[in-house]
Amino acid sequence: MKSLRDQPNGTLSRGLWAVAMLAALLLSGCATGPNADQRDPLEPFNRGVYQLNDTVDRAVVKPVATAYRDVVPSPLRTGVTNFFANLQDAWSIVNNSLQLKGEAAGNSLVRFGVNTFLGLGGILDIASEMRIERHTEDFGQTLGHWGVAAGPYLILPLLGPSTVRDTVALPVDLQGNLVSGVNDVSTRNALTSLALLNRRARLLDATGMLDQVALDPYTFTRDAFLQRRQNDVYDGNPPDDAEPGDAVDGNSAN
């Protein structure tokens with residue numbers, strides 16, 4: 001029998017499903033005041049998780065990400081960013097196809113092929129130099145495209161901002177990530193850690209600005225996240241009457 005160490009993706013997926021179930025249970029007994037944001041009925045719970053994540057980030061993740069940014073030369077960091085963006089292009093082929101976006105799926109396919117075979121496995125972004133447009137899509141966006149409501153805002157331990165819809169979609173996105181297909185556990189874990197570290201390093205300036213200008217970083221982060229996800233689902237063209245976090249009908253987005 002394999003140990004949990006040999007099955008990190010399955011264990012993580014079960015954990016994420018448990019979070020989604022926990023959110024559903026909390027929603028059933030959640031009370032909101034007259035001034036509460038209707039998109040965030042779990043705000044007390046979310047703020048607690050936000051504080052936990054922020055503590056871990058300031059104590060561990062941010063210092064490591066800062067050292068990574070300061071030590072690793074910019075061209076190498078750009079290569080790492082391109083590599084993982086190329087893997088995302090592969091998953092975008094699937095999600096664009098599921099959303100019946102033929103041109104976007106074709107662009108994603110060409111981007112992945114060009115960058116994989118001509119760009120040293122994706123380290124070089126040859127496709128962007130060829131002006132082949134990137135259409136990044138995940139399974140949460142696919143669900144939103146077909147009318148699945150975003151549901152309440154939800155902050156996941158260590159993983160950060162999400163919604164109930166995106167949390168349900170997350171295990172599918174994890175399986176769709178080509179890194180999950182790497183058989184060697186240590187290599188797979190190293191690639192996953194590098195992706196997370198590189199992503200955090202790219203956000204250092206943004207989070208530094210957030211600390212300086214936001215009176216309430218939690219509210220600022222929530223509003224920005226919900227707005228961005230709505231724009232993702234509607235490909236940057238949400239209807240005039242849509243509010244971030246509302247139910248979305250992706251068929252009206254195209």
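Every test in (1) within 24 Å of ASN189 (Cβ to Cβ); (2) surrounded by 13 or more Cβ atoms within 10 Å (Cβ to Cβ); (3) at pLDDT below 95 is passed by THR32 save one, and that test is (1). Residue pairs whose Cβ atoms lie under 8 Å apart, separated by 6 or more positions or on different chains, with the first residue in region 97-124 and on the phi < 0 side of the Ramachandran plot and the second at pLDDT below 95 and part of a helix (DSSP H, G or I), are GLN99/GLY250.
Starting from residues that are outside any helix (DSSP H, G or I) and among the charged types (D, E, K, R), keep the ones in region 115-135 and report whichever is surrounded by the fewest Cβ atoms within 10 Å (Cβ to Cβ). Restricting to residues being outside any helix (DSSP H, G or I) and among the charged types (D, E, K, R), the top hit is ARG131.
Can you say whether PHE225 is modelled with pLDDT of 95 or more, within 23 Å of ARG165 (Cα to Cα) and part of a helix (DSSP H, G or I), as far as the supplied structure shows?
Yes.
Taken as a whole, the condition of being over 25 Å from ALA201 (Cβ atoms), of a type outside the set (Gly, Ala, Ser) and without any contact (Cβ under 8 Å) to a residue 12 or more places away in the chain does not apply to ARG165.
For region 170-187, filtered to residues that are assigned to a loop (DSSP other than H, G, I, E, B) and of a type outside the set (Asp, Glu), the residue that is surrounded by the fewest Cβ atoms within 10 Å (Cβ to Cβ) is ASN183.
The set of residues in region 36-91 that are under 25 Å from THR221 (Cβ atoms) and outside any helix (DSSP H, G or I) comprises ALA36, ASP37, GLN38, ARG39, ASP40, PRO41, LEU42.
The values are calculated or read from the model by the stated rules, or taken from the named source; none is laboratory data. Since we're looking at a predicted model, the values are computed, not measured. Here Cβ is always computed from backbone atoms with ideal geometry, including for glycine, and neighbour counts include all displayed protein chains.
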